[in-house]
Amino acid sequence: MLDVLEEVERPDSSLSLRYVRDVFFVTLNAGKMLLENGAETYRVEDTMERIAKHYGVENVQVFVATTVIILSMNDYGLSQQIRILTRNNNLEKVVNINELSRQIITNGMTIQQAKSALDDISASRTFPLWMVVLFGGVAASMFLFMFNGSIKDLPITLFAGALGVLVTEWIQRYTKIKFFTEILAAFLIALFAVLYVRYSFGVNIDTIIIASVMPLVPGVPITNALRELIRGHFLAGTMKGVEAGLTAIAIGAGVGTVFLIL
């Protein structure tokens, strides 16, 4: 309801400050891992609030945007803001945090067990670079067949798709400027595709380029941006939409530059 004053509740005296700090730690880091790995902001807020309230901490305020989380447990004077500097699309970790949240609420997991499980999820391995690059090429090859491409274009599509993923993954380990990284990746994809077709090896240059850049297309951010906007999270939805739009512009600029040059 609008125009309803907030009430200041007396803290639960049965909860020690150390216990509340443990709850704060689990709540904040669960939200941080969700947001860093591609979860929607409303999912992050809901998960954090449910975890804190399950452990008996009321009057919890959570604000989540694409690049920041603010968590306050007002009755206990605890508040912290953290910046989210890197974001990936590791949906495995998102699923693991969601499963941890369900176990906390349904199975009555203790706060120490939750901290241990959270540490395990944080330390879980990520896929090695060679595997990411390999399956980037495989994904591009599958898109080639989806777009009714020729089998003669398979080698260059596999190579170009893997190359695009390699460039973006490798360079982003040294710089946070995704825009220019994506331009370079799209430029190299289009360059090799043009040369492959020009020297009579390939059949359809358009299909090769479209299939090869598909691993770079921000499908998850676009979907999340629409879901955020529909749920009324206009700030997060707009930010994710702009981020996805810049990626699309970068891909178009890289491909277009090759056609201007050649």
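How many of the residues in the stretch 111-127 are free of Cβ contacts under 8 Å to residues at least 24 places away in the same chain and either open to solvent by 50 Å² or more (accessible area, probe 1.4 Å) or in contact with a Lys or Arg (Cβ under 8 Å, 6 or more places away or on another chain) (or both)?
If we filter the stretch 111-127 for residues that are free of Cβ contacts under 8 Å to residues at least 24 places away in the same chain, which is where we start, we get 113, 116-117, 119-120, 123, 125, 127.
Remaining after also requiring either open to solvent by 50 Å² or more (accessible area, probe 1.4 Å) or in contact with a Lys or Arg (Cβ under 8 Å, 6 or more places away or on another chain) (or both): 113, 116, 119-120, 123, 125, 127.
The total comes to 7.
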Test: residue in the stretch 169-191 that is in a loop (DSSP other than H, G, I, E, B), farther than 30 Å from Val26 by Cα, open to solvent by 80 Å² or more (accessible area, probe 1.4 Å) and modelled with pLDDT of 90 or more: no
Output for the stretch 59-79, where each listed residue is on the phi < 0 side of the Ramachandran plot, out of contact with any helix residue (DSSP H, G or I) (no Cβ under 7 Å at 6 or more places or on another chain) and not in a strand (DSSP E or B): Thr67, Asn74, Asp75
Filtered residues of the stretch 147-203 (kept if over 19 Å from the mean Cα position of the chain (by Cα) and basic (Lys, Arg)): Lys152, Arg198
Residue, farthest from Phe63 (Cα to Cα), within the stretch 230-242, restricted to residues that are in contact (Cβ under 8 Å) with a residue 40 or more places away in the chain and crowded, with 20+ Cβ neighbours inside 10 Å: Lys240
Given (1) in a helix (DSSP H, G or I); (2) open to solvent by 10 Å² or more (accessible area, probe 1.4 Å), index of the condition Leu35 fails: (2)
The stretch 87-108: number of residues that are touching a Gly at 6+ places or on another chain (Cβ under 9 Å) and not in a loop (DSSP other than H, G, I, E, B): 4
Search result, residues across the stretch 199-229 that are in contact (Cβ under 8 Å) with a residue 24 or more places away in the chain and open to solvent by 80 Å² or more (accessible area, probe 1.4 Å): Phe201, Val203, Ile210, Arg227
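The values are calculated or read from the model by the stated rules, or taken from the named source; none is laboratory data. If you're wondering where the values come from, they're calculated on a predicted model, not measured in any experiment. No Cβ is skipped: glycine too gets one built from the backbone with ideal geometry, and neighbour counts run over all protein chains shown. These accessible areas exclude ligands, DNA and RNA; they are computed on the full protein's heavy atoms, side chains included. Shrake-Rupley method; radii C 1.70, N 1.55, O 1.52, S 1.80 Å.
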